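The values are calculated or read from the model by the stated rules, or taken from the named source; none is laboratory data. The structure displayed is predicted, hence computed values, not measured ones. Counting neighbours? That spans all protein chains shown, and the Cβs are built from the backbone with ideal geometry, glycine included. Ligands, DNA and RNA are excluded from the accessible area calculation, which covers all protein heavy atoms including side chains. Shrake-Rupley method; radii C 1.70, N 1.55, O 1.52, S 1.80 Å.
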Amino acid sequence: MSCKDCQRQLTRARRPQELSRESRVQAHLAACPRCREAYQAQFELVRQLASLAGAQAPAHLETGIMAEVYASRLQPWFRSLRLRLAAAATALVAVAVGLTLYLGTGSQPAPVTADNRDLQPMVQAYAQYRASGVTGDSGMGLMQEAEGLF
Amino acid sequence: MEVCSIASPGIYAGVEWRVQTEKLQPTDAALVARVRAGDADSFRLIVHRYQDRIYSLARNYLANEEDALDATQEAFIKAYRQLSGFGGRSDVYTWLYRIAVNTCIDHLRRARSRPQLQETETGLDLHAGDGGDPQRELERAELRRRLLAALGALSPKLRMTAILHDVEGYTLEEAARAMRCTLGTAKSRLWRARDELRRSLRSDDA
């Protein structure tokens, strides 16, 4: 076994016992002082590193985590409620704007469009008739017909 | 307690035992299913089961008590939020550990600072407990300080490999999975990490 192969075997191991059955490794270690030194240094280092394991989390950690968990569980509901409130507010504003526009334009004369353009002379004549207060038969039949239209 | 009530013993006895055990000590998969169904309290059991190991990893990796607490908390919260995406291909602990590894690496990257060894300053020696021999306590604390300093001098990836394998006791295959790298890469990192650690500790001795 070469030193390189021995190193390869050493890398995977955490404890000397893991290599005790590897007779080729053991034979190499017996014959190679340099690898033997590396072997001893490695297991001493790994033994020391292993002593770092096993820390216990402080008691308040679990409480803190669960507080966050409950808060994050409520978040989607809260977010959707906010969205719902925002949507309701937008709808209210839209209705208010619509009503304002509708009521604001209600007292204005209707705009002239293609549909009512031909009736405009009749409308004006009817308006004059109403304003003059004249009664009688002359032309009134037509006016009354016009009135029926409106 | 609700158990499987089967009068005849024999083959059904095992079923009853399993049902009882499940109620007393639910499996990770059962807990995940409960949490997914909206039972956030079940997540407390997952936290309780794994917080020490995750915290130990974070503390050794970040070498700072406050950062370790933050990273552990962050890892569990991420896990809770990502639980719906947990496909069950790996076991819960492996999945949780991977999240913790990434969280620690991100945490270190964000901090962009070398570890601040506050443990001895704050009197934090969480698992020494050597029957109150002050001399041995002191030696142990000094060794911890040196080891954490040496680990802190490694690059983040070498450090994580050394902690997963040599401190936390993971196999190289498990460490490679947690770090999402090949086995060959993990082996090479471990070799380099140990080599650098030895040099660092030797220069301390000199």
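Below, the figures for the structure above:
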| quantity | calculated |
| --- | --- |
| In the range B:136-163, residue surrounded by the most Cβ atoms within 10 Å (Cβ to Cβ) [restricted to those that are among the aliphatic types (A, V, I, L, M) and within 11 Å of chain A (Cβ to nearest Cβ)] | B:ALA162 |
| Search result, residues across the range B:72-84 that are more than 7 Å from chain A (Cβ to nearest Cβ), more than 17 Å from B:PRO156 (Cβ to Cβ) and open to solvent by 10 Å² or more (accessible area, probe 1.4 Å) | B:LYS78, B:GLN82, B:SER84 |
| From the options A:LEU92, A:LEU83, A:LEU74, residue that is open to solvent by 90 Å² or more (accessible area, probe 1.4 Å), at pLDDT below 85 and away from chain B (no Cβ under 14 Å) | A:LEU83 |
| Qualifying residue in the range B:57-71 (condition: more than 10 Å from chain A (Cβ to nearest Cβ), crowded, with 16+ Cβ neighbours inside 10 Å, over 18 Å from the mean Cα position of the chain (by Cα) and closer than 21 Å to B:GLU174 by Cβ) | no |
| Enumeration of residues in the range B:174-206 that are outside any helix (DSSP H, G or I) and not small (Gly, Ala, Ser) | B:ARG180, B:CYS181, B:THR182 |
| Index of the failed condition, A:ALA53 passing every other in (1) loosely packed, with under 15 Cβ neighbours inside 10 Å; (2) not in a helix (DSSP H, G or I) | (1) |
| The one condition in (1) at pLDDT 90 or above; (2) open to solvent by less than 60 Å² (accessible area, probe 1.4 Å); (3) closer than 22 Å to B:LEU158 by Cα that B:ILE46 fails to fulfil | (3) |
| Count of the range A:9-45 residues which are open to solvent by 80 Å² or more (accessible area, probe 1.4 Å) and in a loop (DSSP other than H, G, I, E, B) | 2 |
| Complete set of residues in the range B:30-56 that are without any contact (Cβ under 8 Å) to a residue 24 or more places away in the chain, more than 11 Å from every other protein chain (Cβ to nearest Cβ) and part of a helix (DSSP H, G or I) | B:ALA30, B:ALA33, B:ARG34 |
| Restricting the range B:171-206 to residues that are closer than 18 Å to B:ALA100 by Cα, within 12 Å of another protein chain (Cβ to nearest Cβ) and open to solvent by 30 Å² or more (accessible area, probe 1.4 Å), the residue that is farthest from the chain's Cα centre (by Cα) | B:GLU173 |
